[in-house]
Each structure stands twice: as C-alpha cells, then as structure tokens.
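Undergrad: Can you keep this structure in mind? I'll have questions shortly.
The values are calculated or read from the model by the stated rules, or taken from the named source; none is laboratory data. Since the model is a prediction, treat every value here as computed from it, not as a measurement. Every residue, glycine as well, gets a Cβ built from its backbone with ideal geometry; the counts of neighbours run over all protein chains shown. For the accessible areas, the whole protein counts, side chains as well, though only heavy atoms, and no ligand, DNA or RNA atoms are used. Shrake-Rupley method; radii C 1.70, N 1.55, O 1.52, S 1.80 Å.
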Amino acid sequence: MSATTAAMSATSAVSPAVPFTVPPFAPDAGPAVQRVLRSGWVTTGPECAAFEAELSAYLDQPHVVTVASGTQALELSLRALRLDPGAPVLTPSLTFCGAVGAIVHAGYRPVLVDVDETTLTPSTETAAAAAARAGRPAAMVGCDLGGYPVDHRALADAAGLPYRRVVVDAAHGPGGDVGRGAFFATCLSFYATKNLPIGEGGAVATDDGDLADWLRSARLHGMTRDAWRRYLPGGSWRYEVAEIGYKANLTDLQAAIGRAQLAALPGWQARRAELVARYDAGWRDAGLAEVVRVPRRHPGHAFHLYQILVPRRDEISAALADAGIGTSVHFIPVHRLHGYRRVLAPGEPGTVPVTDRVADQLLSLPLYPGLSDAAVDLVVERLAGLLAP
Ligand SMILES: *Cc1c(COP(=O)(O)O)cnc(C)c1O
C-alpha cells in the first residue's frame, strides 16, 4: 500500500462516508414489483390508474396523469397550452436545466426571471421586471426550489398572467403544500433523488379535465384513450390517432413502487423536518449563524433540499468530498450552460444579477430520510472547521 493510499484509507476510517443522497424505498415496494411481474401486465395499466387515483386524493386535485418523467410532465403541459411558436415563457434561470429545455422543446422562448436572495425563488418584483422585458409573456413556469412553497398566484399577478397560463414545476414539492391554486398544471417528478422517488417517472396534476384527457392520449402516441388495453383479454386492436403524440407513459412496475412510496411519504417528511431542525440548531450552536446563510422558509415547505449559501463554496465542497461528505449544487443557472445560452436572447444572461451572485455560493447538504443525526452532526462539525477564521 502506498503512503497516499494508506493515508486515504485512514481518513475514510475516521470519517464515515455521508453520501449526498440515498433514495428511501418502502418495505412494500419490492413485493409490489413482484405482484406486477406475476400479473402478466407490466406497462401502463391498472397500477398507473391506481397510483393516479391515490396521488389525486393526496394532492386534492381532480386529475392526475402519470408520465415518464418530470421533464415530460412539463413539456407536455406546455405543449397543451398551444402557444404561438416562439412565445415568451417566464422561468427562473436558477432551476433544473431540463425544466427550461421543456420550454424550448415545446417551441417557445425562455425569458429569465431573477430570484430573491432570501428565498432563492422569483419575487413579485423580479417577475414583473421579466414580464416587462418580455413585452407580453405568454406563460410562466414556476419552481418550488428546494421545496419552498412559492406563491405562484402572486407572481402571475405581478407578471400580468392568468393562473391558467401557469405551469408549476413541483419536482421538489411532494410532501409540502403543492398542487393548490387554479393553475394550468402542477408537474411532479419521481426521479431517484426526489422526495417521492421511484427511480424515474413524473405526473401532471390538474383540475382541467380536457388537459387530463389530452395528456392520457398524448403520453401514448396520441392513440385513443384506452388503447393501452388493446393487448388485454377483451381489448380491441382498433384505435384512432387524432393528433400525433409522444412516447411518455409510466409503467405499472414504476407505479406499483410509487404507490408503496406514497404511503411512506408522510413518515419520511417528518424525518426530513427533524433533520432540517438539527442542521439549523447546529449552525447556532457552532456560532455560524452569520456565516452559513440558510434560505427563508415558509409553512408548507417540502424540505426537499438543505441549501446553504457559503463563501468559498468550491473549496468547501471539495474539502467536504475529501472528508467523505457528498454535496451538490442546485442549480447551475441555465444561462451559464452553453446549449441554453445559444437559445436565449443575447441580453438575457445579464438580466439575472442576483442569480449570478448566489450561484457561486449555493451548496446543498445531505438531506434524506435515512440520514442519521450523527451524520448531520458530522457535516456541521466539518463545515465549522472549514469556515473557522
Ligand atoms: C428533477 C427536476 C426536474 C425534472 O424531473 P425528471 O423527472 O428528472 O425529468 C424538473 N425540475 C426540477 C426543479 C427538478 O429538480
């Protein structure tokens, strides 16, 4: 063993690894998958329908349509708005790139909205400023970043948009106050890192029956609504396609996992809240309340991420990685990504100065139901050591 290897393994022996994320799986998820495998029907079918009904009750929304991903939920919802090609659509730059990619793939033009430094989400002022720049925005995609329950109605009012032109990106929302307000669509993600993980998957929640009907067809090639039954006993091979659709359906295997996960979600959220409180207390006890800045919270927060703003972020995340502690950044603003810069109007990147300022300080710390109290204490202790003057 070389000296370096020996030193490295000595370090990892004293500092147990704290991964950035570990997806929780309910004990019934495995048996649920077995049940579906034995049933002879593995793709979109009765499990998806049952998951949709359960999500609908959970979110208190009349319709839920499952789709392949959160990104597809956004893109299909945006397409369903049937805006003119190139129509300006407001979006924070501080969001997941795929959410802005959905606007572009739907054929529209993203117009960036800056964020408020204390919430990391748009304010009525930044929404109004972006709307004024866009001339007349056609729609808005709002994002509950980190689980912060954004007041999308207030933002729509400030931007002069009706609520039916708002698509809410609630990828970080499950477990918090999501899906309320008469928005066009609320989009969920069941990606591996999210509060309700399946691995992959997404859904649209809406009170608009026409949108739900269109999505049910659009997610499966545009075939008539019940075409998924065509291979079931008694099903007919006949179908019609009124409008060419997409391949964006969820499978029954995924839905069965999702159903087990949804039942476990309240317990996981309670644990997330405890962990958040422990981090908060940790900064106070370590005398770091002034150095480690934590975004403002609001009742209904989904505690998806534990984000902080710290000086020397890159150096600190690298040092934490050396100590076996995983961190991440949510997000690289899209105007800093080449592919997105190409599709943005030339002046757009200069319109989000607060986003640019926080982008270099943002750090997300481990937060998931399986994280131990000791792991939180270790992260706080390491970070305190790194931030000590
Ligand atoms: C994860 C995520 C998405 C996309 O969800 P996928 O299911 O991965 O397609 C969209 N927006 C935000 C803010 C996300 O974090």
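Undergrad: Could you calculate, for the chain, the ratio of the Cα radius of gyration to the Kirkwood radius, expressed as Rg to Rh?
TA: Result: Rg/Rh = 1.00.
Undergrad: On to the next question. By how many degrees, 0 to 90 and rounded to 10, does the Cα axis of helix 124-134 deviate from the longest principal axis of the chain?
TA: Roughly 60 degrees, rounded to the nearest 10.
Undergrad: Given the Cα-Cα distance of ASP84 and ALA154 and 0.36 nm per residue of separation, how much length would full extension add, in nm?
TA: Roughly 22.7 nm would be gained on extension.
Undergrad: Hey, another quick one. Quote the convex hull volume per residue of segment 296-378, based on C-alpha atoms, as a whole number of Å³.
TA: Taking only Cα atoms, segment 296-378 has a hull volume of 147 Å³ per residue.
Undergrad: In addition: Quick one: which residues, 5+ away or cross-chain, put their amide H under 5 Å from the amide H of ARG293? H built at 1.01 Å from N.
TA: LEU309
Undergrad: Can I ask one more? Divide, for segment 16-127, the radius of gyration over alpha carbons by 2.2 N^0.38 Å, where N is the residue count.
TA: Relative to the 2.2 N^0.38 Å estimate, segment 16-127 comes out at 1.43.
Undergrad: What is the percent carbon and sulfur in the accessible area of segment 187-273, measuring with a 1.4 Å probe over the protein chains and ignoring ligands?
TA: Roughly 54 percent, rounded to a whole number.
Undergrad: Quick check: the angle from helix 3-14's long axis to the longest principal axis of the chain, C-alpha only, nearest 10 degrees?
TA: Taking Cα atoms only, the helix is inclined about 80 degrees.
Undergrad: By per-residue mean of other Cβ atoms within 10 Å, what is the highest-first order of 366-373, 136-143, 226-233?
TA: Final packing ranking: 136-143, 366-373, 226-233.
Undergrad: State, in angstrom, two size descriptors of segment 167-250 derived from its alpha carbons: Rg to one decimal place and Dmax to the nearest whole number.
TA: Reported Rg and Dmax, both Å: 14.9, 42.
Undergrad: Where does the charge balance sit around ARG180 when Lys and Arg score +1, Asp and Glu -1, over other residues with C-beta under 12 Å from its C-beta?
TA: It works out to a net charge of -4.
Undergrad: Something else now. Please report the antiparallel percentage of the DSSP beta bridges confined to segment 147-227, to the nearest 5.
TA: Among the beta bridges of segment 147-227, antiparallel pairing accounts for roughly 50 percent.
Undergrad: Give me the Kirkwood hydrodynamic radius of segment 174-320, using the inverse of the mean 1/r over all pairs of distinct Cα atoms, in Å to one decimal.
TA: One decimal place: 18.9 Å for the Kirkwood radius.
Undergrad: Can you tell which of ASP157, ASP84, ASP114 shows the greatest fluctuation in a Gaussian network model of the chain with Cα springs below 10 Å?
TA: Result: ASP84 has the largest fluctuation of those listed.
Undergrad: Here's something else I'd like to know. Taking H as built 1.01 Å from N, whose amide H comes closer than 5 Å to the amide H of VAL18, not counting residues under 5 places away?
TA: ILE325, GLY326
Undergrad: At what distance in nm do the modelled label points of LEU386 and ASP360 sit from each other, each positioned 7 Å from its Cα along Cα→Cβ?
TA: Reported label-point gap for LEU386 and ASP360 is 1.8 nm.
Undergrad: Mind putting together the pair-distance distribution for segment 249-357? All Cα pairs, 5 Å bins, whole percent per bin, short to long.
TA: So the P(r) values, bin by bin, are 2, 8, 12, 15, 15, 15, 14, 12, 6, 1.
Undergrad: Just add up the charged neighbours of PRO311: K/R +1, D/E -1, any other residue whose Cβ is under 15 Å from the Cβ of PRO311.
TA: In short, -1.
Undergrad: Right, something else. Compute the projected area of the convex hull of the Cα atoms of segment 65-148, averaged over all viewing directions, and report it in nm² to one decimal place.
TA: 5.5
Undergrad: Give, as a single signed number, the net charge of other residues whose beta carbon lies under 15 Å from the beta carbon of GLY101, with Lys and Arg counted +1 and Asp and Glu -1.
TA: +3
Undergrad: Moving to a separate point now. What distance in nm separates the two pseudo spin-label positions at PHE20 and VAL294, each 7 Å out from Cα along the beta-carbon direction?
TA: With each label placed 7 Å out from Cα toward Cβ, I get 2.1 nm.
Undergrad: Can you tell me which of 234-247, 43-56 comes out highest on packing, and rank the rest after it, using the mean Cβ neighbours within 10 Å?
TA: Top of the packing list down: 43-56, 234-247.
Undergrad: If you count, for each residue, the other Cβ atoms within 10 Å and average over each peptide, how do 166-174, 323-331, 60-68 line up from highest to lowest?
TA: Ranking, from highest mean packing down: 166-174, 60-68, 323-331.
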